[in-house]
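Scroll down for the structure; my scribbles are underneath it.
The values are calculated or read from the model by the stated rules, or taken from the named source; none is laboratory data. What you are looking at is a predicted structure, and each value in this text was computed from that prediction instead of being measured. Positions of Cβ are backbone-derived with ideal geometry, glycine not excepted, and every protein chain shown enters the neighbour counts.
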There are 2 protein chains.
Amino acid sequence: MKTAVLGFGTVGAGIYEILKTAEGLEPGPVYVRRGKADEPWKTDDFDAILADPSVGAVAEAMGGLEPTFDFARRTLESGRHFVTANKMLVAEHGIELQAIADRTGGAFLFSAACGGGVPLLHNLALARRGDEIRRVRGILNGTTNYMLDRMQSCGMDYGEALKEAQALGYAEADPTADVSGLDALRKIRLAAAVAFGILPDGCLNEGIENVSVEDIRFYQSKGLVLRLIAKTARTESGVSAYVEPVLFPQNAPEAAVSLNNNLASYEGRFCGRISFSGQGAGRWPTASAVIRDLENILSGARRMLPERTVSAAADNGGEKQRYYLRLPEAFAESFPEAEPPEAGAADGELRLVTKPISVAGMHALAAEIRQKGGRISFAALEE
Amino acid sequence: MKTAVLGFGTVGAGIYEILKTAEGLEPGPVYVRRGKADEPWKTDDFDAILADPSVGAVAEAMGGLEPTFDFARRTLESGRHFVTANKMLVAEHGIELQAIADRTGGAFLFSAACGGGVPLLHNLALARRGDEIRRVRGILNGTTNYMLDRMQSCGMDYGEALKEAQALGYAEADPTADVSGLDALRKIRLAAAVAFGILPDGCLNEGIENVSVEDIRFYQSKGLVLRLIAKTARTESGVSAYVEPVLFPQNAPEAAVSLNNNLASYEGRFCGRISFSGQGAGRWPTASAVIRDLENILSGARRMLPERTVSAAADNGGEKQRYYLRLPEAFAESFPEAEPPEAGAADGELRLVTKPISVAGMHALAAEIRQKGGRISFAALEE
């Protein structure tokens, strides 16, 4: 199957390279920006790609919504297959693109958009048809895992860890999407759509920006390892979806995820908990996930989104957990039932462990405290 | 797709149950032994199953080679799909069954035969088409992992751990296939066939029968965790395939595999190392793997074995590793280059660490020592 590649950056160039050797696949034209078509196999004319009847599929690695959404729509309208690593595109327009694919018989797959090289989504899409998926969760952002790992294993502070992650190319110059948990949240929303047929909106994300090296040291003294976890689960009225720091015992599989690796798990009624781990980003892992989707299309796969997938508000009010907190003494009254202060906080601050409290409740209280100028750091306790 | 089930034991009954709710699937007749057809949907007449044109696939959970091979052959000859959890059947007759499937258009899948619920084989079958798989390895026997975990976390001796595993139904009354590493070896041979198109013969297996609780304590004092690992890899002249105890640092993902869980990894040129973990046995995990294969058939999957898969002798002479040894002093001369004895051995015994030595060499030396009546325990050092 001749496959055109949109974009020739890190991932696009990787896809183009693997297409040369992958079974049943071959590279088609590569779309680049106007004026960048410096090789005969590159083009800056998308119409020319669709006019070539030998092109059977298009793999997108440009990122962004424009002109990618237009290109995706037109690829699928033409009856061709469309594969993407672009999580924003799927979150914004996935349901609409799947509807076009259903109409024209094209495939719409996006394994690389969640977990990079980690084969979560296509396994989830397969598992949900024979099982009843209850929850999906994981370490879905390699940048923040790298930073937390370095803070925990080398005692680096947040700023040093971020600088190192940037020097290694793991973190962008503007790292906000990573450290705020937004990148992981986008990925878990896609996993929710694949697992439950519901693309949740209005989710919650607490990142690692408020985690200090003192917090890490305190957690370590309790035998706990901190990871940034994205979660989604079926609830009574829909699905939950959120990102927050979580504390694990040292022998938990999550604690063994080092550097910028990812780990994702799903839990089914029949299969129990199944976990996947590997490289969550980078040229070759991400490109190999795109190739895997294309091979899957050759085997007959056509979709990841369940039929009748809808968008709906996330329900984060149900599940309750205990949280470790660090906050100014003045705000302790916000948690009247929390356990007596533990040692380990700086002057004027307290460390507390809450009673079980809903995710929505905890994130709302933290937002309220921050609005009043209080600095709070929190992490859920995995029990 | 109406699916007949062969066998109504632990796994067969699970498959039958899940077929009732899985998307696109429904339970067909269940084949049981003569005289055991005590329900209208059970039959002891295999011909009647093949005579039913509404049956599109057969799922086998009887075990053994007779009459399963005959049933598999006839199912595929009839153009139907055949799915099995039977590793012996695939190892003995898989290449022949695949040839029939290729001729008739039927699918032949056996995900549940390696790793139980852990989705290794179908991911490997997909990955190998777009990537170059270099090695596959894993904890593929839950019984021995349970025993090692109990010996390490609770200080149980080998006999106590075995008794507990038997009481919980993890180990058979005759546990030989598990504790000798033979069960794990059968599974990794299938993984080699799927990954490399070569089903290796004449492989090596060292199990855990020679591991004492004193060995475990000694390894723990060095910060090492013992796991029984099955490995296969491409070598210069073919593929290696063997099972042996391996020592990991405490923060390795393998060390975090608790109780009777499994963990399997493959390493590709492009994708890097990707790992899968979950329940390796039991009714629901194994049945859900069989269902996953059936769902995969509905998506278009037809095979796991690469075209032109052949059988060939394993090549275990290439890769070299260091080994920890415990052996009688009298046999120390078999390892002239091993490092000076360390503390921790009983009277008349030595503990040594070898220089890098080939897997074939180590297993041969151990066999020689045992033939002369010496008791040797060895474990490779993961470096």
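Listed values, structure above:
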quantity	calculated
Qualifying residues in the range B:116-134 (those that are in a loop (DSSP other than H, G, I, E, B) and within 10 Å of another protein chain (Cβ to nearest Cβ)) - the one nearest to the chain's Cα centre (by Cα)	B:G116
Filtered residues of the range B:330-376 (kept if in a helix (DSSP H, G or I), more than 30 Å from the chain's Cα centre (by Cα) and surrounded by fewer than 13 Cβ atoms within 10 Å (Cβ to Cβ))	B:E333
Subset of the range B:266-281 (residues that are out of contact with any Cys (no Cβ under 9 Å at 6 or more places or on another chain) and either within 8 Å of chain A (Cβ to nearest Cβ) or among the basic types (K, R) (or both))	B:G268, B:R269, B:F270, B:C271, B:G272, B:R273, B:I274, B:S275, B:F276, B:S277
Qualifying position, being surrounded by fewer than 24 Cβ atoms within 10 Å (Cβ to Cβ), among the charged types (D, E, K, R) and not assigned by TED's automatic domain parsing to the domain that holds B:S240, among B:D201, B:D102, B:D149	B:D102
B:T84 among the hydroxyl-bearing types (S, T, Y), closer than 26 Å to A:E132 by Cα and surrounded by fewer than 16 Cβ atoms within 10 Å (Cβ to Cβ)	no
Residue in the range B:236-245 that is modelled with pLDDT under 95, surrounded by fewer than 24 Cβ atoms within 10 Å (Cβ to Cβ) and either at the interface with chain A (Cβ under 8 Å from one of its Cβ atoms) or more than 30 Å from A:L19 (Cα to Cα) (or both) present	no
Which numbered condition B:G142 misses (of (1) more than 20 Å from B:A230 (Cα to Cα); (2) surrounded by 23 or more Cβ atoms within 10 Å (Cβ to Cβ))	(1)
Within the range A:135-223, helices (runs of 4 or more DSSP H) holding 3 or more residues that are closer than 18 Å to A:N260 by Cβ and of a type in the set (G, A, S)	A:158-167
Condition check for B:L168: touching a Cys at 6+ places or on another chain (Cβ under 7 Å) and not charged (D, E, K, R)	no
Subset tally (residues that are assigned to a strand (DSSP E or B), farther than 30 Å from B:V353 by Cβ and touching a Ser or Thr at 6+ places or on another chain (Cβ under 7 Å)) for the range B:277-323	1
Positions within the range A:300-321 being at the interface with chain B (Cβ under 7 Å from one of its Cβ atoms) and either buried (at least 24 other Cβ atoms within 10 Å of the Cβ) or in contact with a strand residue (DSSP E or B) (Cβ under 9 Å, 6 or more places away or on another chain) (or both), in sequence order	A:A301
Residue identified as within 21 Å of A:F108 (Cβ to Cβ) and out of contact with any Ser or Thr (no Cβ under 9 Å at 6 or more places or on another chain) among A:R33, A:R73	A:R73
Qualifying residue in the range B:289-300 (condition: at pLDDT below 95, out of contact with any Asp or Glu (no Cβ under 7 Å at 6 or more places or on another chain) and not charged (D, E, K, R))	yes
Per-region count, the range B:332-374, residues farther than 22 Å from B:K222 by Cα and either of a type outside the set (A, V, I, L, M) or touching a residue at least 24 places away in the same chain (Cβ under 8 Å) (or both)	17
Qualifying residue in the range A:332-352 (condition: touching a Gly at 6+ places or on another chain (Cβ under 8 Å), of a type in the set (D, E) and not assigned by TED's automatic domain parsing to the domain that holds A:T21)	no
